[in-house]
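Enquirer: Sharing a structure, written as structure tokens. Questions coming.
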Amino acid sequence: MTDTPAPTPPPLRGAEIGSFAHDTISRRMPAIARRVPAENELSPAAAAAVLALADELPDAPIRPLRDPGAPDLALWDSYVAPYLGQSWLEPPWFFAETYFYRRILEATGYFQPGPSYGVDPYALQKRLGLEHAALDSGPLEGRGPLESAILGALWGNQADMSIWPAGEGPGPGGAHLLADDSAVAVDAIESLAARGARADIILDNAGAELAHDLILADALLACGLRVVLHAKPHPTFVSDALITDVRGTVAWLANRPGPEAMIGGRLGAAFLDGRLELRTGWYWTSPLPGWELPADLRADLATSGLLVSKGDANYRRWLGDRRWPYDTPLGTALSYLPAPMLLLRTCKSDVAAGLAPARIAEAVVRDPQWDTGGRWGLIQLYAGSNSTEQHT
């Protein structure tokens, strides 16, 4: 199945006053933009352009990109076309966010000749995030190495510099699982490994999260799987991982003491012998939902034994950033996927599916911000369209 899941609920929009989407567009995004000139040596014109972008939010009209010669310009012309002239609050929230981060690159001149060409405007945040990273690369009590690596990758997702800037205090803390398919995921991975299959990790944040994702990649390789890492093609969402971030973090691990140095060394060797690959593509920075995977990417992912989706923004993409009833079976929302998927995500937005009502009721009592505060996590396995079993 490749078409839109049906029936599909409406997308989240910033126009819903009091919603997390409204707060993000009207408060958080302008604050993120204003940090960029403070953390970078921009030309006066570039700094002014970034600050002007902050001042647009939330009421100025959506306009086309002004980024001549940029390699993704034609794609963005098509993405923007349905929303031209609307305020930032009117389009779907996922579009508004991805468009905002692309507009920051337009303002800084990321794709234009000059001093900011190819310069990551969030490099300082990423560096601080790695410097403050606290890793636990060993097995957890009562859990095997693979299950421990899955949990480490999940809770590493709490490190999100678009919400909690690096060096400005701790993240949300807490470790509450709303769904835990880790045991069945381990069984599925071991079965795939016996067949010499491939796993694809769709990365989220750099820094501590990426370090934990690489520890998970090392565990998958140790099982006998081949692993493909999918990174972003340009800076976005402040801390999302680029290919250069992945290579830098592998080197960082290799220079750490003890077990982490061994992990870094094994990952470097796996890159050399082809068991570990790095890929990127424009889809990963687009506003498109999961069911609009480009045909070539869809065909490639269909050859994977397991897709591992990291983080909140990727989770939102697969669900179309739509307000599914929380107890909607994953198979209803994700039936279009070309391969099974393991979703590892801490909840930082009010989008979810496949949750047991009793667990939601418990979370609401314990934490009124359970759905957006980053303290509650999901380990969910969608076994594929040929399986009717759902785990919560």
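Taken together, the values in this text are just the output of simple stated rules run on the coordinates, not laboratory data. Note that the structure is predicted; figures quoted are calculated from it, not measured. Note that we place each Cβ from the backbone using ideal geometry, even for glycine, and neighbour counts take in every protein chain shown.
Enquirer: Taking the Cα centre of the stretch 125-382 as origin and charging only Cβ (+1 Lys, Arg; -1 Asp, Glu), how large is the dipole, in debye to the nearest 20? Each step should come with its number before you reach the end.
Expert: Working: 23 positive and 30 negative charges, 77 e Å.
Result for the stretch 125-382 is approximately 380 debye, rounded to the nearest 20.
Enquirer: May I pose another question? If exposed means no more than 14 neighbouring beta carbons inside 10 Å and the site is in a DSSP loop, what's the longest run of the chain without any exposed GluC sites (Glu not before Pro)? Walk me through the numbers before you get to the answer.
Expert: On the way: sites that count: 16, 41, 141, 168, 389.
In short, 169-388.
Enquirer: Tell me, what is the FRET efficiency for residue 117 and residue 358 to the nearest 0.05, using R0 = 41 angstrom and their Cβ-Cβ distance as r? Spell out each step's value before the answer.
Expert: Values: r = 53 Å, r/R0 = 1.30.
That pair, residue 117 with residue 358, gives E of 0.15.
Enquirer: Anyone know which of 134, 206, 358 comes out most mobile in the 10 Å Cα GNM of the chain?
Expert: Taking springs between Cα atoms under 10 Å, the residue moving most is 358.
Enquirer: What FRET efficiency comes out for the pair residue 292/residue 255, r = Cβ-Cβ distance, R0 = 51 Å, nearest 0.05? Don't jump to the answer; show the numbers that get you there.
Expert: Values: r = 41 Å, r/R0 = 0.79.
After rounding to 0.05, the efficiency reads 0.80.
Enquirer: If you take the charge dipole of the chain about its Cα centre, with +1 on Lys and Arg Cβ and -1 on Asp and Glu Cβ, which of 108, 361, 290 is farthest toward its positive end?
Expert: Comparing the listed Cα positions along the dipole, 108 ranks first.
Enquirer: Kindly put 19, 239 in sequence by how many other C-beta atoms sit within 10 Å of each C-beta, fewest to most. Walk me through the numbers before you get to the answer.
Expert: Working: 19 18, 239 27.
Ordered from fewest to most neighbouring Cβ atoms within 10 Å, 19, 239 come out as 19, 239.
Enquirer: Continuing with the same structure: Out of the DSSP beta bridges found with both residues in the chain, what percent are antiparallel (nearest 5)?
Expert: Values: 10 of 33 bridges.
Bridges in the chain that DSSP calls antiparallel: roughly 30 percent.
Enquirer: Here's a follow-up. For a Förster distance of 35 Å, can you work out the FRET efficiency between the beta-carbons of residue 39 and residue 269, rounded to the nearest 0.05? Walk me through the numbers on the way to the answer.
Expert: On the way: r = 35 Å, r/R0 = 1.00.
Efficiency, rounded to the nearest 0.05: 0.50.
Enquirer: How much length is gained if the chain between residue 134 and residue 184 is pulled fully straight, taking 0.36 nm per residue apart and subtracting their Cα-Cα distance, in nm to one decimal? Kindly include the intermediate steps, with their values, before the conclusion.
Expert: Working: separation 50, 0.36 × 50 = 18.00 nm, distance 2.75 nm.
Full-extension gain reported as 15.2 nm.
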